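A quick write-up on the structure given underneath.
The values are calculated or read from the model by the stated rules, or taken from the named source; none is laboratory data. Since the structure is predicted, the reported quantities are computational estimates derived from the model, not experimental observations. Reconstructed Cβ throughout: ideal geometry from the backbone, glycine too, with neighbour counts over all protein chains shown. These area figures cover heavy atoms from the full protein model, side chains too; ligands, DNA and RNA do not enter into them. Shrake-Rupley method; radii C 1.70, N 1.55, O 1.52, S 1.80 Å.
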Amino acid sequence: MISAINQSVKTAIKQDPIHRFWFWQASFWLFLSTVSFFTLTLWYSQVTLANVVHTVLQALLGLLFSIFLYRTFDRIWDKSIAYRLCVGMFVVFVVAFLWTIFRMQALSWLTPADQVWGEFGGWFFASIFIFLCWTGLFHGIRYFELLQSEHSIMLNAEAATRKEHIKRIEAQSVARDAKLKMLRYQLNPHFLCNTLNAINSLIEIEESEKAQIMTVQLSQFLRHSLDNNPDTMITLREEISALNLYLEIEKTRFAERLQLDFKVDDEAQNALVPSLLLQPIIENSMKHAISKNEKGGIIEIRAGINQDRLIIEISDSGADQESKKTQTEHETGIGLENTEQRLSVLYENDYQINTMRRAEGGRSTCINMPLELSDTK
C-alpha cells in the first residue's frame, strides 16, 4: 500500500510540472524550517510553542513570497541575461525586505521580544541569502529540466531517424523486388509479342515510318524501365511523362481505339510519388479493359490536392459485354499488389488505395497518400 502510494507520488512529480514545483517548494521551506529550528530555536533553548509557531509561520510566508518570485522569473525568462539579472536581483531584495518585516513583526506578536527591531540588519541579510539560495535552486532546476527535455528530444529524434532509416531500407528492398516483378510483367512475351507483331505488320504494309517510330518508342520505354531507379521519389509530372512512354506504344497499337484523358491540377504537378507508381495500374486497364473491347476505350487520370493529401484516381471505360462475362470479380493483378506493398512500407497506415467498379462501366482505382512537394519547380 505504502509502496504504491510512493510510486504514484513519484509518477505525478515526474510527469506533472505543477506537482514538481510544489514538491521543490515544500522541500525547500521544510528544510529551511528544520535548519532554523535546530540552529536557532533549539540552540538558544527557546523551544516554546510561540517560537515553533513562528518558525512554521515564517516558512509559510516565505513560500507565498517565493511564488511571487517564481512568477516574476517565469515572465522574464525569455529576456536577455542582463535584464534578468537586474530585475531578478531587485525583486529578490524587495521580497527579502518584505519577508524580513513580516517575520520580525510576527515574532514580536508571538513572543515578548521587544528588542528584535534593533537586529533588522542581520535578519535582512539572512533573508537575502535565503532568497538567493531559492533563486539558485529555481534556475538550477529550470536549466536541468531544459537539459533533460533537450536530451529527450535528441533521443526521440535519433530514434525517429533510425526508424525512418529502417523504413527506407525496407522500402528500397521492396521497391527493388517490385521493380523486378514489374519488369517481368512489362517484358512478358505477350507484351513484346504484340508490340513486335505490330511493328512487323507496319513493315509488311510498307508503313516504314510508323514502324520506325514504334521501334524508337519501344526502345525508349525499355531504356526507361531498365534505367529508372524505383527507390527514388519523383514528381507526378515526371511520373506522367514516364507513363506516356508506355502509352505511346499502346496508342500506336490500338490507334484511335485508345483515348487518354489526363487532368492533373497545377498544385499536384510537383507532388512527390514513388517512381513507377501508376504504370502497373494502367497496364491492368490495358490488359483487362481496352484490349478486350472491340471499340477500345478511355483511360482517365485525375490528380489533385485535398487537405495536405495527394489524391490520384485512375479509371478505364471497361471491356465489352462478352469479355465481362469471363472476368472475375476482382481483377487487380500483380500491379496493384506491388503498388499497395510499396505504399505500405513508405507510409505505414497513412495511405489508402481503393479499387471499385464504376456504374457506367470499367474500374476505378483511387490512391490517397501524404502530400510531399518537390523543392524544385
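Brief remarks follow.
- Estimated inter-spin distance, Glu150 and Glu294, nm [label 7 Å along Cα→Cβ]: 7.8
- Accessible surface of Asp350 - all protein chains present, 1.4 Å probe, nearest 10 Å²: 70
- With all protein chains in place and ligands, DNA and RNA left out, the 1.4 Å accessible area ranks Ser208, Ser36 as Ser208, Ser36, largest first.
- Heavy atoms of Lys263 accessible to a 1.4 Å probe, total area in Å² rounded to 10: 120
- Fully extending the segment from Arg162 to Arg309, taken as 0.36 nm per residue of separation minus the present Cα-Cα distance, adds 50.4 nm.
- Linear extension gain, Arg75 paired with Thr111, 0.36 nm per residue minus alpha-carbon span: 9.1 nm
- Largest accessible area first, the listed residues Leu147, Leu276 line up as Leu147, Leu276 when surface is computed with a 1.4 Å probe on the assembled protein chains.
- Accessible-area rank, largest first, for Ile141, Ile367: Ile141, Ile367, with all protein chains present and a 1.4 angstrom probe.
- Here Leu137 and Tyr347 are evaluated by their C-beta separation; at R0 = 35 Å the FRET efficiency comes out at 0.15.
- Average accessible surface area per residue within the stretch 44-160, 1.4 Å rolling probe, Å²: 62
- Taking all protein chains as shown and a probe of 1.4 angstrom, Trp123 keeps an accessible surface of around 50 Å².
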